[in-house]
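> I have a structure I would like to understand better, so I am pasting it below and will then ask my questions one at a time.
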Amino acid sequence: MTRPVIVIHGGAGALTRSAMSTEKEQRYLAALSDIVASGQRILAENGSALDAVTEAVRLLEACPLFNAGHGSVFTHAETHELDASIMDGRTRDAGAVSCVSHIRHPILAARTVLEASQHVMFTADGAEAFARQQGLEMVDPSFFSTDERRQQLYNAQAGSGRVILDHDGQNDPIDPDRKFGTVGAVALDSAGNLAAATSTGGMTNKQVGRVGDSPIIGAGCYANNQTVAVSCTGTGEVFMRAVAAYDVSALMEYAGLTLQQAGDRVVMEKLAQMGGSGGLIAVDRAGNIVLPFNSEGMYRGYGYVGDAPVARIYR
Ligand code: ASP
């Protein structure tokens, strides 16, 4: 009998330890622990893995500490474009939205695509029209804005002018130039079903219309009851080219690797060799979990039902 478990992440990157006060660290750890606990409660009541990852990512989107939903980064044009995806390992049904800026909870839109449409991904205006039609909560794009993120955009534009991966330098313990803020969750439920969900604001100063790995099934998100559920964070372009999330599953299914071996192969070898920085979280059908990252740190947490939540930032 395997124990249900939930694993979450709030982005990976290089840590500026000098920017990390005890108080700040506690805020991140408390947010991660609370969200793990919410997922554990759902799983403890025999809720589905799909519901647990949906709720965990919804809470991560609602928390301004993380680059998804409220607190998302800005594009080059000082707008927001959010991406999200979800996959049910039981049926291998999936749903995703990309480039949306009026849907309060992109992960709920992805879930609705999974459940209420015959398609897998909707983008931009079409995604918003679908969400509206389905009765999801819509907001003005300014809802996603925070002063920290705006300052981060100005810093990026005044500085190198390049595209940077999440979070502000002053308030975030992870180096703003090497920080990935996507959020995600994976879970195994008491019925033995796996699910994965991923949501992001993308990268600060990104070009309008750019889409990363997060809403791409197989790249930033994947779940299959026969193997594993995976959610990624990192340099999206490399994760897309590596088909990172699916690669973990394929290594297990076709090459017979264990979860640990497959996760390490993808994150520490393949992605690293391709210049990809970041990490992933994964749970297999036996309830084993891994949280590998090749950056200095990754906001992460997990909890088996019946255990206290565990949250970590550093290696
Ligand atoms: N993977 C995300 C993207 O490329 C970024 C992140 O993980 O923060 O949009």
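The values are calculated or read from the model by the stated rules, or taken from the named source; none is laboratory data. In this text, all values refer to a predicted model and were calculated from it rather than measured experimentally. Note that each Cβ is placed from the backbone with ideal geometry, even for glycine, and that neighbours are counted across all protein chains shown.
> Working only within the range 246-285, note down all residues that are more than 19 Å from the chain's Cα centre (by Cα) and in contact (Cβ under 8 Å) with a residue 40 or more places away in the chain.
Once the filter is applied, which keeps residues that are more than 19 Å from the chain's Cα centre (by Cα) and in contact (Cβ under 8 Å) with a residue 40 or more places away in the chain, the range 246-285 yields Gly275, Arg285.
> Considering only the range 236-261, state which residues are among the aliphatic types (A, V, I, L, M) and within 13 Å of the ligand (Cβ to nearest atom).
Applying the first criterion (among the aliphatic types (A, V, I, L, M)) to the range 236-261 yields 238, 240, 242-245, 248, 250-252, 255, 257, 259.
Answer for the range 236-261, where residues must be among the aliphatic types (A, V, I, L, M) and within 13 Å of the ligand (Cβ to nearest atom): Val238, Met240, Ala242, Ala244, Ala245.
> Looking at the range 191-209, I want the residues that are in contact (Cβ under 8 Å) with a residue 12 or more places away in the chain and have a partner that is of a type in the set (Val, Ile, Thr) and in a loop (DSSP other than H, G, I, E, B) with Cβ atoms under 6 Å, at least 6 apart or on another chain. Which pairs are those?
Thr200/Thr182; Gly201/Val73; Met203/Val163; Thr204/Val73; Asn205/Val163; Lys206/Val163
> Got a number for residues in the range 189-227 being closer than 16 Å to Gly279 by Cα, within 12 Å of the ligand (Cβ to nearest atom) and hydroxyl-bearing (Ser, Thr, Tyr)?
4
> On to the next question. Quick one: which residue in Leu65, Leu29 is within 19 Å of Ala308 (Cβ to Cβ) and either surrounded by fewer than 24 Cβ atoms within 10 Å (Cβ to Cβ) or within 16 Å of the ligand (Cβ to nearest atom) (or both)? Give the derivation first.
On the way: Leu65 fails: within 19 Å of Ala308 (Cβ to Cβ).
The conditions single out Leu29.
> Output the residue which, of all residues in the range 68-98 that are of a type in the set (S, T, N, Q) and either surrounded by 22 or more Cβ atoms within 10 Å (Cβ to Cβ) or within 15 Å of the chain's Cα centre (by Cα) (or both), is nearest to Ala187 (Cα to Cα).
So in the range 68-98, the residues of a type in the set (S, T, N, Q) come out as 72, 75, 79, 85, 91, 98.
In the following step, the residues that additionally are either surrounded by 22 or more Cβ atoms within 10 Å (Cβ to Cβ) or within 15 Å of the chain's Cα centre (by Cα) (or both) were identified as 72, 75, 85, 98.
Numbers: Ser72: 24, Thr75: 31, Ser85: 15, Ser98: 23 Å.
Here the answer is Ser85.
> Also: Taking Thr75 as meeting all but one of (1) modelled with pLDDT of 95 or more; (2) farther than 17 Å from Gly297 by Cβ, write down the number of the exception.
Here Thr75 meets the rest and fails (1).
> Then there's this: What do you reckon, is Val267 under 23 Å from Arg285 (Cβ atoms) and β-branched (Val, Ile, Thr)? Don't jump to the end; show me each part of the working.
On the way: under 23 Å from Arg285 (Cβ atoms): yes; β-branched (Val, Ile, Thr): yes.
Spelling it out, Val267 is indeed under 23 Å from Arg285 (Cβ atoms) and β-branched (Val, Ile, Thr).
> Can you tell me which of (1) touching a strand residue (DSSP E or B) at 6+ places or on another chain (Cβ under 8 Å); (2) more than 8 Å from the ligand (Cβ to nearest atom); (3) of a type in the set (Val, Ile, Thr) is the one Thr233 doesn't meet?
(2)
> What number of residues within the range 65-101 are of a type in the set (Asp, Glu) and more than 17 Å from Thr54 (Cβ to Cβ)? Quick ask: steps written out before the conclusion?
Pass one, the range 65-101, residues of a type in the set (Asp, Glu): 78, 81, 83, 88, 93.
Filter again for more than 17 Å from Thr54 (Cβ to Cβ), leaving 78, 81.
The number of residues fulfilling the criteria is 2.
> Pairs only if they're at least six apart or on different chains, beta carbon under 7 angstrom, first in the range 1-26 and more than 25 Å from Thr235 (Cβ to Cβ) and modelled with pLDDT of 90 or more, second in a loop (DSSP other than H, G, I, E, B) and of a type in the set (D, E, K, R); list them, first residue then second.
Final answer for the pair search is Pro4/Asp189.
> Which of the residues that make up the range 129-152 are surrounded by 18 or more Cβ atoms within 10 Å (Cβ to Cβ) and within 20 Å of Met87 (Cα to Cα)?
Phe130, Ala131, Leu136 - these are the residues of the range 129-152 that are surrounded by 18 or more Cβ atoms within 10 Å (Cβ to Cβ) and within 20 Å of Met87 (Cα to Cα).
> Just to be sure I understand, how many residues within the range 197-228 are among the small types (Gly, Ala, Ser) and within 18 Å of Tyr299 (Cα to Cα)?
Residues of the range 197-228 among the small types (Gly, Ala, Ser): 197, 199, 201-202, 209, 212, 214, 218-220, 223.
Add one more test, that the residue is within 18 Å of Tyr299 (Cα to Cα), and what stays is 197, 199, 201-202, 214, 220.
Qualifying residue count, the range 197-228: 6.
> Which fully enclosed strands (runs of 3 or more DSSP E) of the range 71-158 have 3 or more residues being among the small types (Gly, Ala, Ser)?
Details: elements: 82-88, 93-100, 121-123.
Qualifying strands (runs of 3 or more DSSP E): 93-100.
> Yes or no: the range 113-130 includes at least one residue that is free of Cβ contacts under 8 Å to residues at least 12 places away in the same chain, out of contact with any strand residue (DSSP E or B) (no Cβ under 7 Å at 6 or more places or on another chain), farther than 22 Å from Gly181 by Cβ and among the small types (Gly, Ala, Ser). It would help to see each step written out before you state the result.
If we filter the range 113-130 for residues that are free of Cβ contacts under 8 Å to residues at least 12 places away in the same chain, which is where we start, we get 118-119, 125-126, 129.
Then drop every residue that is not out of contact with any strand residue (DSSP E or B) (no Cβ under 7 Å at 6 or more places or on another chain), which leaves 118-119, 125-126, 129.
With farther than 22 Å from Gly181 by Cβ added as a condition, the list becomes 118-119, 125-126, 129.
Restricting the remaining residues to those that are among the small types (Gly, Ala, Ser) gives 126, 129.
Checked the range 113-130: at least one residue is free of Cβ contacts under 8 Å to residues at least 12 places away in the same chain, out of contact with any strand residue (DSSP E or B) (no Cβ under 7 Å at 6 or more places or on another chain), farther than 22 Å from Gly181 by Cβ and among the small types (Gly, Ala, Ser).
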